[in-house]
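Since the structure comes first, as structure tokens, the remarks are kept for the end.
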Amino acid sequence: AQSVTQPDARVTVSEGASLQLRCKYSSSVTPYLFWYVQYPRQGLQLLLKYYSGDPVVQGVNGFEAEFSKSNSSFHLRKASVHWSDSAVYFCAVSMNTGNYKYVFGAGTRLKVIA
Amino acid sequence: GALVYQYPRRTICKSGTSMRMECQAVGFQATSVAWYRQSPQKTFELIALSTVNSAIKYEQNFTQEKFPISHPNLSFSSMTVLNAYLEDRGLYLCGARWTGGEQYFGPGTRLTVL
């Protein structure tokens, strides 16, 4: 069975600082990997996804993530955060065969302070 | 482009009553529809996965008797929360995909149970 771990429940960073949100997964094969953002009282918005190829993927709003097969990780990064990035971020995995169901991590709540 | 709509966006029901929510895929054929629930302060759990021409598969802790799902065509799915109680409150997401494609999420239906 697949699982996703986001070890940091809450992260606080200053505006303009760099950001890394961690995600580790467990799967018998390399899954598809995703990062989603949830703003207050809203649904999910896709930030970026990894299927194969270049381990560094670019997403929207300056976000990028790096896949590491050896570490079973897919950490999210941003060079300079803005206050509007405050939200909850979810890492998710999906198998590339079978039922394609998504398994989500617990989420990391990001707070950007002035 | 591919879009997923959900109706209603917010709803309130009395404890012990039922509530039906809908999911509509626009711009693609939704061969597979997944329903997820996000309980307050929690992550997203898969309720069930419906694939055209296959039986609906419910995850552990979710049953057809409680969450009956209909997927009558390639653009529409509905799910009913029967006999809703406080623990059923949360955000219900619909994720739709076509064969070989990625999953697109709707904005969710937020259920409040009084």
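The values are calculated or read from the model by the stated rules, or taken from the named source; none is laboratory data. Keep in mind that what you see is a predicted model, and the values were worked out from it rather than measured. Cβ placement follows ideal geometry from the backbone for every residue including glycine, while neighbour counts extend to all protein chains displayed. Just the protein is used for accessible areas: all its heavy atoms, side chains included, with ligands, DNA and RNA removed. Shrake-Rupley method; radii C 1.70, N 1.55, O 1.52, S 1.80 Å.
So, in region B:91-114, how many residues would count as being over 12 Å from the mean Cα position of the chain (by Cα) and in a strand (DSSP E or B)? Number of matching residues: 4. When region B:53-72 is limited to residues that are part of a loop (DSSP other than H, G, I, E, B) and touching a Ser or Thr at 6+ places or on another chain (Cβ under 6 Å), the one that is farthest from the other protein chains (Cβ to nearest Cβ) turns out to be B:Pro68.
Rundown of residues vs (1) among the β-branched types (Val, Ile, Thr); (2) within 13 Å of chain A (Cβ to nearest Cβ); (3) within 18 Å of B:Leu82 (Cβ to Cβ), yes/no style:
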residue: B:Leu3; (1), (2), (3): no, yes, no
residue: B:Arg9; (1), (2), (3): no, yes, no
residue: B:Cys13; (1), (2), (3): no, no, yes
residue: B:Thr17; (1), (2), (3): yes, no, yes
residue: B:Cys23; (1), (2), (3): no, yes, yes
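Taking B:Thr99, is it within 14 Å of chain A (Cβ to nearest Cβ) and in contact (Cβ under 8 Å) with a residue 40 or more places away in the chain? So B:Thr99 fits the description; yes.
No other residue among A:Ser27, A:Ser72 is out of contact with any Asp or Glu (no Cβ under 9 Å at 6 or more places or on another chain), on the phi < 0 side of the Ramachandran plot and not acidic (Asp, Glu) apart from A:Ser27. Across region A:67-74, not a single residue is classified as within 14 Å of chain B (Cβ to nearest Cβ) and basic (Lys, Arg).
Filtering region A:94-114 to residues that are among the β-branched types (Val, Ile, Thr), within 12 Å of another protein chain (Cβ to nearest Cβ) and surrounded by 19 or more Cβ atoms within 10 Å (Cβ to Cβ) leaves A:Val103, A:Thr108. Scanning region A:4-21 for residues that are in a loop (DSSP other than H, G, I, E, B) and out of contact with any helix residue (DSSP H, G or I) (no Cβ under 6 Å at 6 or more places or on another chain) returns A:Gln6, A:Pro7, A:Asp8, A:Ala9, A:Gly16, A:Ala17, A:Ser18. Consider B:Thr109 carefully, then state whether it is among the polar types (S, T, N, Q), in contact with a Pro (Cβ under 8 Å, 6 or more places away or on another chain) and under 30 Å from A:Arg10 (Cβ atoms). It is true that B:Thr109 is among the polar types (S, T, N, Q), in contact with a Pro (Cβ under 8 Å, 6 or more places away or on another chain) and under 30 Å from A:Arg10 (Cβ atoms). Scanning region A:27-43 for residues that are hydrophobic (A, V, I, L, M, F, W, C) and more than 12 Å from the chain's Cα centre (by Cα) turns up just one, A:Val29. Only residues that are open to solvent by 90 Å² or more (accessible area, probe 1.4 Å) and outside any loop (DSSP other than H, G, I, E, B) were counted across region B:4-29, and they come to 5.
Restricting region A:11-43 to residues that are within 12 Å of another protein chain (Cβ to nearest Cβ) and open to solvent by 40 Å² or more (accessible area, probe 1.4 Å) leaves a set whose member that is nearest to A:Ser80 (Cα to Cα) is A:Tyr39. Can you find even one residue in region B:45-52 that is in a loop (DSSP other than H, G, I, E, B) and exposed (fewer than 14 other Cβ atoms within 10 Å of the Cβ)? Checked region B:45-52: no residue is in a loop (DSSP other than H, G, I, E, B) and exposed (fewer than 14 other Cβ atoms within 10 Å of the Cβ).
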